[in-house]
Every structure is written in structure tokens, then in C-alpha cells.
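No value in this document is a laboratory result; all are computed from the given coordinates. Keep in mind it's a predicted model, so treat the numbers as computed, not measured. As a convention, Cβ positions derive from the backbone with ideal geometry for all residues, glycine included, and neighbour counts pool all protein chains shown.
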Amino acid sequence: MNRHVPLVGSALLAIGVALAAANLRPAVTSLASVLGDVRAALGVSAAWTSALTAVPALCFGFAAFAAPWLGRRLGMARAIGLSLGVLTLGLVLRVIDGPWVVLGGTFIACAGIAVSNVLIPVVVKASFPDKVGLITGVYTGALAAGAAVAAALTPRLEDWLGSWRPAVGAWALLSAGAVVVWFAAARHGEAASVVRSVAPVEKRSLLRSPLAWVITVFFGLQSLFAYTVMGWLPAMLVDSGVDRNTAGMLLAGSMLLSVPVSLFVPPIAARFSSQAPVVLALGVLSSAGILGMLVAPAAAPGLWVVLIGFGMGMFPLALLIMSLRTKSTSDTARLSAMAQSIGYLIAASGPFAFGVLREATGTWTVSLTLQLVLLAALTVLGMIAGRPRYV
């Protein structure tokens, strides 16, 4: 078998993709759901807490640069398997010592996540060329489900186990299982399939493509929105009078809502030449949720969280648009690397600035107002990116 040939698009590979995806967000949402307890136990400052919430997006941006090289050097099966192993290692390391080890372990875990973030959409396009919308939905649905389950269960695990450390570290067991399943599922095809499946690599740099930049900034802003919500929504809810466990459940609810959105929106959107109307609908709904949190957070927190959850549907749309706006798997890999490396670096400023503004002003008002402005911008960019053309 040739490691540079696309993986065989079997049912087992689809399961491997789904299980890998389910591990790409618990590293973030598990810690976010018990962030107050972590901060109190470690005796750290608000600046440290803001830095911790920014680490995932920052790491995703820097590590994503290496993902295409790893994919070419090792092949998709080994590169993604290695990334899941690094994720598992980071999840274990970050719960064994103090504040700097927590930061370092989180960075290692997120480095593993970053490689899979870039390479799995390439596997979807190369191995399932006739089912891109469906498998993208499965991938993003599993990703959202993993995020939701981790947010909901971690506070309860903390209660049962007596400390945040085993509760957060327990998610390494899930990622270790994903490593085993991935290596069982990922098999490269025959060398002859290269001619059929992979188009020649284009020499033109995507940095010179206006559409590639629109997709990149769109991806960055939707990631900024998502990671700010995942990092700070429980804290906002607690400040509005919601108890910690309920706040974790509400965060899980917003993640869980994106499961059906992820499963149904990409296959439906893929049938149309333009995805702009879908982007607009999701942008309006999530903006309504942020507006509710700004104006009357205690009035209907469940409703605001549901509406915000629709905004998480921007992520599967962004991945789908990367596939639909490219003509070959090599272009998809290059666009995915560009959008996720630069985009996540854009996103890294969001959680940090959100927390710093809260600390400086004493309220969430300025932070939430800024979120509304950014939602408007990402909706406009998403509508432009959703128009039918190629990078």
C-alpha cells in the first residue's frame, strides 16, 4: 500500500472519522465547565485564566501550519493517528501538576487536535468524494456531541471523583480508544487510485486568492465566536444567577444543538450552488441569542443558549465551503491549512480579550457587544464565501 494514496472510504473509516472527531473538543469544553474550580484550586489570576481559554485557538493556528507536511511525510493514516496520540498525552500531562503544567499540557493536547482539524476534512473529500456533505455532517456532528458530553459530564465527574484533575483527565481514555479504532480503520488504497482520485497540485499560492482570504477570515471569526462561547458561557451564566452544574448543562445544550445542525445542514447546503442563505439564517439566530444574554441574561437563559447554539452550525458550513470551493483534494488540503492556521490565530484573540474586558469593566456588556459586531462581520463574509466559485 502507498501511504500517499487516499484512504479507503469504508464504513469503518467513517466510524473512525466520527470517533476521532468526538475527541477534538472535550479538551476545551471539559476544562471550561469547571474553570472556576480550577482557578480556585490553583490560586491563579484572571489573566492566567484568560490565557488558558486562548491557548486552544492559538495552538490550533500555529500547529496547523505543520499538518500538510505531516500528511505528506507520514500519510493520512499515520499523521492523524499520531495526532490523536499526542492529544491523549497532553490530556494526561495537564492534570498532574500546577498552573504552568496545565497550560503546557493543554498546548500539547491542542497541537494534536490541530493536525486532525486540518487533515480530516481532506480525508473526507478524498475518501468519500460522492458523500462530502453527508460525511462532513457526521464528522461535525460527532465533534459537537463530544464537546457537549464533556461539558455536561465533567462537573458531575468532579463531584463523584472529588477533584477537577481526575474529572478532566478522564477524557484521555476516550482519545486513547480513538487511537485504536483509527489505526484499525485507516487503510490506504491501491496506487492506481491516485490517477482517479487526486488532481494535480496547482502551483499558484492561495495567498493570492481573494476568495481564499474571505474563507480564511470567515473561518477565523466563526472560530473566535465558538471558542469564546465554549470558554466563557458557563461563567456568564453563573454571573447571571445560574448554578454551576446547570451552567455546564446549558453549555452542553448549546453544543448538543449543533449535532442535528451539523448532521442536516451540510448535506442540505451541499445540494445548492450557494450556501449564503444558510449562513444568513444561522447568523441571525445566534445574534439573537447574544443579544438576549446582553439585554436580559436571567430572563430566559435556556432560550439564549439554544439560539447561540445555532451559531455553532457555522463550523460545519465553513468546512463544507472549503471542500465546495476547491477543485481537488490538494487544493482542499492547502485551503484547509491556510484557513485553519491563520483563522485560529485570529480566533485566539477572542477568548483572551473577552475575559480581559470583563475583568476591566466588571460586566459582560462590552464583551457581548463586541461579539454582536463580530457575528455581523462573519455572517457577511460567510455569505460571500458561500457563493459558487473556486479559489
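In the chain, which whole DSSP H runs stretch at least 20 Å along their own axis (Cα) and average 1.6 or higher on the Kyte-Doolittle scale?
76-93, 99-127, 171-185, 276-295, 365-385
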Whole-Å distance, taken between Cα centres, linking segment 349-382 and segment 232-267: 18 Å
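Tell me, which longest segment in the chain has none of the chymotrypsin sites (Phe, Trp or Tyr not before Pro) that fall in DSSP loops with at most 13 further Cβ atoms within 10 Å?
On the way: sites that count: Phe272, Tyr390.
Formally, the longest exposed-site-free interval is 1-271.
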Candidates Ala147, Ala252, Ala172, ranked by Gaussian network fluctuation over the chain, Cα under 10 Å, top entry: Ala172
message: Can you give the FRET efficiency to the nearest 0.05 for Ala296 and Ile15, using r as the Cβ-Cβ distance and R₀ = 41 Å?
response: 0.40
- request: Rank Ala109, Ala47, Gln340 by how far each Cα sits towards the positive end of the charge dipole of the chain (+1 on Lys, Arg Cβ; -1 on Asp, Glu Cβ) and give me just the farthest.
  value: Gln340
query: If you find the alpha carbon centre of segment 205-226 and of segment 51-101, how far apart are they in angstrom?
result: 22 Å
task: Please give, to one decimal in nm, the separation of the simple spin-label points placed at Phe183 and Thr361, each 7 Å out from Cα toward the Cβ.
output: 5.0 nm
- line: Taking 0.36 nm per residue of separation between Arg3 and Tyr390 and subtracting their Cα-Cα distance, the length gained on full extension comes to 136.5 nm
query: Using DSSP loop states and a limit of at most 10 other Cβ atoms within 10 Å to flag trypsin sites (Lys or Arg not before Pro), what is the longest stretch of the chain containing no flagged site?
result: 1-202
statement: Between Glu190 and Leu103, the FRET efficiency computed from the C-beta separation at R0 = 45 Å comes out, to the nearest 0.05, as 0.50
query: Pick the calculated P(r) over Cα pairs in 20 Å bins from 0, in percent for this structure from (1) 31, 59, 10, 0; (2) 25, 54, 21, 0; (3) 27, 60, 13, 0?
result: (1)
query: Which one of Ala170, Ala32, Ala152 has the biggest mean-square fluctuation once the chain is modelled by GNM with Cα springs under 10 Å?
result: Ala170
query: Charges only on Cβ, +1 for Lys and Arg, -1 for Asp and Glu: so what's the dipole of the chain about the Cα centre, in debye to the nearest 20?
result: 1320 debye
